[in-house]
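So the structure is just underneath, and the comments pick up after that.
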Ligand SMILES: Cc1cc2nc3c(=O)[nH]c(=O)nc-3n(C[C@H](O)[C@H](O)[C@H](O)COP(=O)(O)OP(=O)(O)OC[C@H]3O[C@@H](n4cnc5c(N)ncnc54)[C@H](O)[C@@H]3O)c2cc1C
């Protein structure tokens, strides 16, 4: 089921047709407060009351025209200027900024966004896409990190290479958002069994905790796996860390009760709020993460 859904995420015919289907539009609302930024802003204001920060992301990837990439940058510049009081952060995909078309243009766009984020006292995160982009994404990050401190990158625990990528980034005092990984990757380069991915996630986190404690890095555990977070926290306690030093991020609409609990207990929590109309590929990846979600979609077909 996971493979089928991830195949569907890249199918052009489905990408054109599914977003027009009413039941699909109804089903996606579970993970999006709405398509417009105002809905995302309202959700962020509500989360703020519970001491949960926001991470905004405008959906979209693999743009084929640099004018579209420029519009994305302009949109985020407005978002950053308009949400200063919320201390919200933003997260972008390099292919949404033109990486498929022109790497130099994507770099210039990231530079512009990093500047706008710094000016708004915010933070820019770079999403990690499929493995075809890992080297180029890390290269963009390294080049940006030389000039900017308020910028971070997502790394995927399912890739064997991630331990070496982390070791290579540590001298830069990086900001790393550790995720399990959302794309279909072959077993030559990635763990395919969930228990192996989970074990690597734990090992990588524990490897980074002492650096976090020494303030040599910012680490965000981007996962809904609260058992894994609890295990990592046991190591944090052994290092006499404060709960607020452990940052956890989850997606809007998933395990909201756990986000609230973690924030109440004193952990630093952020909710990634996605919005926009280009939700198709992103939404299929959410279904693939938990195929039981497909039944939720099927129920939307009922009157
Ligand atoms: C803030 C954030 C940023 C991310 N950024 C990236 C990125 O840049 N690149 C990338 O490849 N991936 C990214 N991801 C996705 C990530 O790689 C995983 O695919 C996703 O988080 C599911 O794995 P999990 O860690 O939650 O663990 P899992 O073991 O998959 O899930 C743990 C539990 O959480 C619940 N859960 C998880 N996913 C869902 C879902 N979709 N619907 C309902 N319940 C669910 C279930 O109860 C499940 O048992 C991001 C995830 C988060 C939270």
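Structure notes:
- Restricting attention to the stretch 244-266, the residues that are closer than 20 Å to residue 217 by Cβ, surrounded by 22 or more Cβ atoms within 10 Å (Cβ to Cβ) and over 13 Å from the mean Cα position of the chain (by Cα) add up to 1.
- Residue that is closer than 28 Å to residue 46 by Cα and either touching a helix residue (DSSP H, G or I) at 6+ places or on another chain (Cβ under 9 Å) or not in a helix (DSSP H, G or I) (or both), where the choices are 116, 106: 116
- Selection status of residue 152, within 13 Å of the ligand (Cβ to nearest atom), crowded, with 21+ Cβ neighbours inside 10 Å, in a strand (DSSP E or B) and in contact (Cβ under 8 Å) with a residue 12 or more places away in the chain: yes
- Annotation: residue 184 fulfils all but one of (1) within 15 Å of the ligand (Cβ to nearest atom); (2) assigned to a helix (DSSP H, G or I); (3) surrounded by fewer than 21 Cβ atoms within 10 Å (Cβ to Cβ); the unmet one is (2).
- Residue check for residue 206: more than 9 Å from the ligand (Cβ to nearest atom), over 22 Å from residue 151 (Cβ atoms), part of a helix (DSSP H, G or I) and under 17 Å from the mean Cα position of the chain (by Cα): no
- Close Cβ contacts (under 9 Å, 6 or more residues apart or on different chains) running from residues in the stretch 244-260 that are at positive phi to residues that are in a loop (DSSP other than H, G, I, E, B) and within 8 Å of the ligand (Cβ to nearest atom) comprise 253/31; 255/224.
- Filter result for residue 228 (without any contact (Cβ under 8 Å) to a residue 40 or more places away in the chain, within 13 Å of the ligand (Cβ to nearest atom), in a helix (DSSP H, G or I) and under 23 Å from residue 125 (Cα atoms)): yes
- Selection of the stretch 157-189 for residues being in contact (Cβ under 8 Å) with a residue 12 or more places away in the chain and farther than 27 Å from residue 90 by Cβ yields 160, 163, 189.
- Selected residue (only one of 4, 14 is away from the ligand (no atom under 16 Å from the Cβ), assigned to a helix (DSSP H, G or I) and surrounded by fewer than 18 Cβ atoms within 10 Å (Cβ to Cβ)): 14
- Here residue 101 qualifies as in a loop (DSSP other than H, G, I, E, B) and touching a helix residue (DSSP H, G or I) at 6+ places or on another chain (Cβ under 7 Å).
None of the figures in this text is laboratory data; all of them are computed from the coordinates on show. For clarity, every value in this text was computed on a predicted model and none was experimentally measured. All Cβ positions, glycine included, derive from the backbone under ideal geometry; neighbour counts span all protein chains shown.
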